[in-house]
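Heads up, the thing below is written out as structure tokens.
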Amino acid sequence: MGPSEGSRHIHVTAAAHPERVRREQEDIARAVAGQTICSLFQEQVVKHGDHPALLTKRDGAWTPVTWRQYGERVRAAALGLMDLGLQPGQAVALLSGTREEYNVADLGVTHAGGITVTLYQTLAPAQVAYIVDHSEAVLAFVESAAQAEKFVRIRGEIPRVRKLILFEGAEAFPGESWVLGFDALLARGAALTRSAGAAFEARWRAVAPDQLVTIIYTSGTTGPPKGVMLAHGQVCRAQESSHRRLHPEPGGRSIGYLPMAHLAERNLSLWGAIRAARTIHFCPAIDRLGETLTEVRPTLFFGVPRVWEKMHAALLAGIEAEPDPARKAAVRQALEVGQRAVALEQAGQLVPADLAEARRRADAAVFHRLRERLGLDEVRIAASGAAPIAAEVLRFFHTIGIPILEVYGQTEGCAVGTIVRPDRIKIGTVGLAYPGVEVRLAEDGEILVRAGHVFAGYYKDPDLTRETVDADGWLHSGDIGRLDADGFLTIVDRKKDIIITAGDKNIAPSNLENALKHRPLISQAMVLGDRRPYLVALLTLDEAAVGQWAEARGLVDEDRAALLTHPALRAELQRSVDAVNAEVSRVEQIKRFAVLARDWSPDTGELTPTLKVRRTVVLEKYASEVDALYAER
């Protein structure tokens, strides 16, 4: 029986009227007919020539690259790659952080007719070898000499790679003909501009909408990565759909800081920035995001939930640390006013005039300063995605005048599925379908998506492709959701992450995990209990928050191990768990928890590069801690 038959074909709820969506799809198809990333980029180069496109901080100052200069560098990169023998349809690997050179290299490959294959910087050499070999990449861009060492170690496993091109550090490989500096590649291409300019023009114009622009290997929380194939036309449709929903103005500012190997950042800082003619400021490292925000003051900012959670915690800690009792009381009163107004709006009720005026005064006296402190006082679009975010965090930012738009989508759908509309915010949902997107629920609650930008399939895996996209074109997301009468989608959890207890009760762990992470001191949480008699939790602690807590109690001299087992800390965490338990049914309550010695990160493997928990990795690493929780009596 095929994947479109039987129970998978039964749709119990639809998010939008199919006739309206069909008209939207046809309109979007007309708007992008014949368009490729190459033609879209070249159009913006002509239209916005002298306006800044990319900015990188060098020697303490932001150095701009105009759209015209951007176009010249892309042309030089493409010609350099063509001179190295890159043919249309061949893959090129890119292992780099988010930076100006990445954008130029990516678009250089695209204009030469190639296919980009992005790699996370945290990948081990064996993982790099798998993706490079599987994608049959013939060239590779690498950010630094340190990252190039990964390729040197696996050189025998990637025989197709003819040249390794380094953004910086090529001098660390003297006499190595396999290595080429990025500047040397651009100089090579620039020298060919006069003689081969027509060849460049012919090459990018020959790219067709149905040709692949990229293969994205999903970082995955389980199993080997899968190569998601996206064509030019699919990406252009997705960008058009997103543009119609958000209506960004040309000349807006955003910050590039998430991994370019993840589709969200490429949608924002590469393709999306091209479509919107937006200026990108490149943040050199995630730990410098705060200072970059206050310098750039973006008009659009996308943060994964962990970024928003840290901002939220920092603001709350600052409020609590306010030494002036009167000022602290004023801030708390302002927050109370804002929360009352938001609660009425979310309930669909009018905000009374006196409360609206009190809110205006609170904004002028308090909230504006909080937004300035974050560098978000000029933001027009603030968004979150890639993982669930606690409703309490969303309500807080909404209260202080930063309504966060939750977005939902899969790499397989160009990450464009649903979004909370600025004019229709329903906190706790991931909003309504983008223009041209159909959303339905299967009989078991799985979210199904159909649109013109659903992917072209998994590279070299037609069987898995057929399992994921049925014969009617529905992408099976693997997520469980709910749709309300107005078409707002709520994510319940990953289908495979649903906990089925020994008592045959189905429980969504993400709701509990988000509630725990919202509590003081807790950084990460993972709830377990599949086929077990009750739920337990693994917790990691926020270093800064624990430090402040210890200082307030005179425990600063305690070593780390002693502090983690201190009765007062244990009691504080128990109160947090009890508070979460008080809001759920008995079967959903967490009976026991363990505090782990250190926080999780992508470097240590428990989190993906986009800060989602790798549940299988955590289970393997901390199996003894989990077993101990169930062994307790």
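The values are calculated or read from the model by the stated rules, or taken from the named source; none is laboratory data. Model, not experiment: these values are computed from the prediction. Methodologically, a virtual Cβ is constructed for each residue, glycine included, from the backbone with ideal geometry; neighbour enumeration extends over all protein chains shown. The protein model used for the area step is the full one, side chains on, heavy atoms only, and it has no ligands, DNA or RNA in it. Shrake-Rupley method; radii C 1.70, N 1.55, O 1.52, S 1.80 Å.
Residues are listed down the side, and each one gets a yes or a no for (1) of a type outside the set (D, E, K, R); (2) touching a Phe, Trp or Tyr at 6+ places or on another chain (Cβ under 8 Å):
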{"position": "ALA105", "(1), (2)": "yes, yes"}
{"position": "THR116", "(1), (2)": "yes, no"}
{"position": "ALA129", "(1), (2)": "yes, no"}
{"position": "ALA145", "(1), (2)": "yes, yes"}
{"position": "GLU157", "(1), (2)": "no, no"}
Within the range 167-202, residues being of a type in the set (Gly, Ala, Ser) and open to solvent by 30 Å² or more (accessible area, probe 1.4 Å) number 11
I'd like the full set of residues that are under 16 Å from the mean Cα position of the chain (by Cα) and either buried (at least 24 other Cβ atoms within 10 Å of the Cβ) or farther than 19 Å from GLU240 by Cα (or both), limited to the range 391-405. ILE404
Give LYS47, LYS57 a once-over and let me know the one that is open to solvent by 30 Å² or more (accessible area, probe 1.4 Å), over 21 Å from GLN211 (Cα atoms) and either acidic (Asp, Glu) or more than 26 Å from the chain's Cα centre (by Cα) (or both). LYS47
The one condition ARG205 fails out of (1) open to solvent by 10 Å² or more (accessible area, probe 1.4 Å); (2) closer than 24 Å to GLY375 by Cβ is (2)
Residue among ALA343, ALA321, ALA329, ALA314 that alone is closer than 30 Å to ALA273 by Cβ, open to solvent by 50 Å² or more (accessible area, probe 1.4 Å) and of a type in the set (Gly, Ala, Ser): ALA314
Residues to consider are LEU539, LEU611, LEU629, LEU619; find the one that is surrounded by 15 or more Cβ atoms within 10 Å (Cβ to Cβ) and in a helix (DSSP H, G or I). LEU629
Being surrounded by 19 or more Cβ atoms within 10 Å (Cβ to Cβ), of a type in the set (D, E, K, R) and at pLDDT 95 or above is the requirement here; does ARG360 meet it? no
Could you please let me know if VAL117 is among the aliphatic types (A, V, I, L, M), on the phi < 0 side of the Ramachandran plot and under 23 Å from the mean Cα position of the chain (by Cα)? yes
Among the candidates THR56, THR116, which residue alone is outside any helix (DSSP H, G or I), more than 23 Å from TYR459 (Cβ to Cβ) and of a type in the set (Ser, Thr, Tyr)? THR56
Scan (1) of a type in the set (A, V, I, L, M); (2) farther than 24 Å from VAL527 by Cβ; (3) exposed (fewer than 15 other Cβ atoms within 10 Å of the Cβ) for the single condition ALA582 breaks and write down its number. (2)
Working carefully through the options ARG244, ARG266, find the one that is of a type outside the set (Val, Ile, Thr) and either open to solvent by 10 Å² or more (accessible area, probe 1.4 Å) or free of Cβ contacts under 8 Å to residues at least 60 places away in the same chain (or both). ARG244
